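Report on the following structure.
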Amino acid sequence: MQRGLGVCYYPEHWPEEIWPEDAARMVEAGLSWVRIGEFAWSRLEPAPDRLEFDWLDRAIKVLGRAGLKVVLGTPTATPPRWMIKRHPDMLAVDALGRQRGFGSRRHYCFSHRGYLDECRRIVTLLAKRYGQNPHIAAWQTDNEYGCHDTILSYSEAARDAFRDWLAQKYQSPDALNRAWGNVFWSMDYASFDEIDLPNLTVTEPNPAHVMDFRRFASEQVVAFNRAQVEIIRRHSHAPIAHNYMGRITEFDHYKVGADLDIASWDSYPLGFLSDRLEASAAHKAAFLRQGDPDFQAFHHDLYRAVGRGRWWVMEQQPGPVNWAPFNPAPLPGMVRFWTWEAFAHGAEAVCYFRWRQAPFAQEQMHAGLLRPDSAPAPGLAEAAAVARELPEAAEVASRPGDVALVFDYESAWAWETQPQGADFDYFRLVFEWYRALRHLGLNIDILPPDAIDLSAWQIVLMPGLFSLSPKLRAALATCPGTILLGPRSNSKTPGFAIPAQLPPDLPGLDARVTRVESLPPGARVALEGGGHFLHWAEDLETTAPVILRRADGQPAMVGDDRLAYLAGWPDAASLQELLRGLCAARGIETLHLPAALRTRESGQRRFWFNHGTEPIIWDGLTIPPAGVVWQTTT
Ligand code: GAL
């Protein structure tokens with residue numbers, strides 16, 4: 001498969017006369033994909049059942065005839081105003097019980113049956129009309145499920161659907177009472193109709209209640225997406241994608257991804273550094289115009305897993321964005337750099353958001369490849385530079401990672417439901433492990449929690465995995481590599497109780513967590529030989545070999561080169577050393593990369609990325625600031 005570049009375009013925003021020139025300029029810049037349509041419902045159906053698809057027919061024709069392949073988005077993230085008149089109760093309700101309003105986007109509740117039927121209707125119309133259109137080469141469902149905090153809705157529609165979901169799952173209120181432990185605080189229910197959503201309680205609701213609500217909410221997204229996919233597949237053979245986001249864990253992306261052909265995500269490195277990352281002020285200052293050196297890579301690897309190998313960047317930041325607290329401009333070179341970074345991780349396509357900066361409405365301060373006056377913005381030349389370089393590395397390539405890291409959405413919900421310490425965040429924990437591996441220069445594969453075949457990896461890491469599925473437990477037993485489980489792993493039953501055996505309850509490892517403590521910022525537990533546990537530390541009762549001790553003599557890590565358990569959250573340097581040790585024991589070569597340098601091997605190439613503002617000389621190579629270079633490997 002060939003790599004390609006693309007752009008997000010909104011023909012409905014511009015006079016029709018300029019479409020041909022826009023299309024010609026896209027092609028001239030070396031772009032081959034154009035994504036359209038995902039917010040266009042009010043122009044496709046300006047009034048109930050009054051359809052106006054002619055303009056879209058013409059837009060697709062103009063773009064297609066210019067030589068572009070079209071990704072057609074379904075417009076369900078932006079129901080028009082008349083829809084709210086028709087279904088006043090389709091709006092989502094927030095945790096404080098306030099109905100969310102019309103006037104931006106994503107104003108719908110996933111559980112509303114009437115809105116789901118409207119979505120089926122519009123998707124059917126689109127799929128029938130364009131399913132065989134030769135220019136439609138891919139589809140996108142909706143837009144960014146979860147953006148603007150839109151997965152959890154506390155509406156009546158959600159409550160009713162949740163009650164049905166619980167009745168199906170538990171069959172009787174008694175079974176539910178037992179599973180949730182409702183004897184506690186007299187929370188027993190006599191019928192499913194008595195169960196409300198877990199908001200507006202006096203103090204915290206039962207965590208088992210919350211976990212089931214989180215599972216339910218995630219399944220609503222899966223079902224909503226599946227309804228669209230089933231319709232599109234009836235009329236089209238083109239692959240179907242959804243555009244996911246950075247650090248959004250409110251629904252199980254693997255489960256949505258299982259119905260799709262391609263995973264894609266929207267990468268805004270400078271926005272993310274500003275508002276989506278725990279990092280020191282010095283770190284944020286050092287990477288202000290380049291973005292965090294690991295955040296994008298983490299998501300590239302995550303979405304490669306969600307897409308079962310096939311993934312894109314559907315929206316790539318082309319210049320300053322508008323939505324973060326501060327919106328700096330990228331260093332010259334970064335747009336090209338981010339694009340190559342995605343390709344190095346196996347992306348099939350990278351599409352920039354957006355073609356021309358819109359001078360009106362909410363995103364008028366968001367850069368495009370063109371300025372509002374249609375002159376080129378700085379991002380355009382960088383996109384064109386990548387297009388010229390592409391033939392040097394045109395084939396999509398990847399190779400299995402050195403190390404696998406499990407990422408699990410349910411664990412994110414579990415530790416949000418019961419953090420026990422304000423700093424215990426699942427994404428943060430897994431991301432710190434990922435960052436440590438990147439410092440060591442390793443290729444990393446991310447795995448879902450129900451991976452059944454671990455035979456491809458020498459090292460498999462599972463920090464904070466709240467409950468081991470029976471499948472994963474079985475896979476542990478046959479994995480030929482070293483498995484390291486991290487703090488809190490397997491510390492809950494799927495029903496959200498402490499397991500009778502006490503965690504981690506691993507086959508062949510005699511160890512029990514007998515007490516845990518969470519630590520406020522600045523507090524730490526010293527490790528023997530230097531370093532610390534931060535945020536979280538556990539007491540272990542064990543007869544297993546001790547690999548690492550705390551300074552007070554307690555075991556900190558136990559096990560052997562087959563299966564080990566780490567009883568705390570190590571600081572970054574200790575984590576890196578510990579992982580380096582695991583690699584050495586398995587004969588995996590590691591590097592000591594400088595803070596701004598990262599590497600990735602892909603197919604026959606090793607890429608080097610300098611995220612810094614000064615040149616880096618590494619192993620005889622000079623890597624310019626905001627620069628990428630690659631070498632051919634054999
Ligand atoms: C994404 C979204 C786009 C646009 C962009 C701005 O979240 O999918 O429609 O809003 O952000 O950065």
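The values are calculated or read from the model by the stated rules, or taken from the named source; none is laboratory data. Note that the coordinates shown come from a computational prediction; the quantities given were computed from them, not determined experimentally. Don't worry about glycine lacking a Cβ; one is built from the backbone with ideal geometry, like all the others, and counts go over all protein chains shown. Calculation scope for accessible area: heavy atoms of the full protein, side chains included, ligands and nucleic acids excluded. Shrake-Rupley method; radii C 1.70, N 1.55, O 1.52, S 1.80 Å.
What list of ³J(HN,Hα) couplings, whole Hz, do you get for segment 88-94 from phi and the Karplus terms 6.51, -1.76, 1.60, once you set θ to phi - 60° and write x for glycine and proline?
Once θ is set to phi - 60°, the couplings for segment 88-94 become x, 9, 7, 6, 6, 10, 7 Hz.
How far apart, in nm, are two points set 7 Å out from the Cα along the Cα-to-Cβ line at Gln604 and at Thr622?
With each label placed 7 Å out from Cα toward Cβ, I get 2.8 nm.
Would you calculate a helix-derived [θ] at 222 nm for the chain, using -39,500 (n - 2.57) for each DSSP H run of n ≥ 4 and dividing by the full residue count, to the nearest 500? Display every interim value, and only then the final one.
On the way: 18 runs with 201 residues, N = 634.
Computed mean residue ellipticity for the chain: -9500 deg cm²/dmol.
What is the P(r) of segment 473-528, as percent of Cα-Cα pairs per 10 Å bin from 0?
Spelled out bin by bin, segment 473-528 gives 17, 43, 30, 10, 0 percent.
Distance in nm between label sites at Lys471 and Asp552, each 7 Å beyond Cα in the beta-carbon direction?
Roughly 4.0 nm, to one decimal.
Given 0.36 nm per residue, what is the gain on full extension from Asp560 to His148 after removing their alpha carbon distance, in nm?
Values: separation 412, 0.36 × 412 = 148.32 nm, distance 4.45 nm.
Between Asp560 and His148, full extension yields an extra 143.9 nm.
Give the total of Lys-Lys pairs in the chain with Cα-Cα distances below 26 Å; include a pair only if its members are 8 or more places apart or on different chains.
Taking the chain as the scope, the lysine pair count is 9.
How big is the gap, in Å, between the Cα center of segment 470-535 and the Cα center of segment 128-182?
Distance between centres, Cα-based: 31 Å.
When the expected Rg is taken as 2.2 N^0.38 Å, what fraction or multiple of it is the alpha-carbon Rg of the chain?
Output field value: 0.98.
Step by step: find N for segment 412-530, compute 2.2 N^0.38 Å, then divide the Cα radius of gyration by it. What's the final number?
Working: Rg = 15.0 Å, N = 119, 2.2 N^0.38 = 13.5 Å.
Dividing the Cα Rg of segment 412-530 by 2.2 N^0.38 Å gives 1.11.
If you count only protein heavy atoms and use a 1.4 Å probe, how large is the accessible surface of Ser32, to the nearest 10 Å²?
Accessible area of Ser32: about 30 Å².
For q = 0.17 Å⁻¹, what log10 I(q)/I(0) does segment 255-317 give under the Debye formula with an equal point scatterer on each alpha carbon and no solvent?
-0.61
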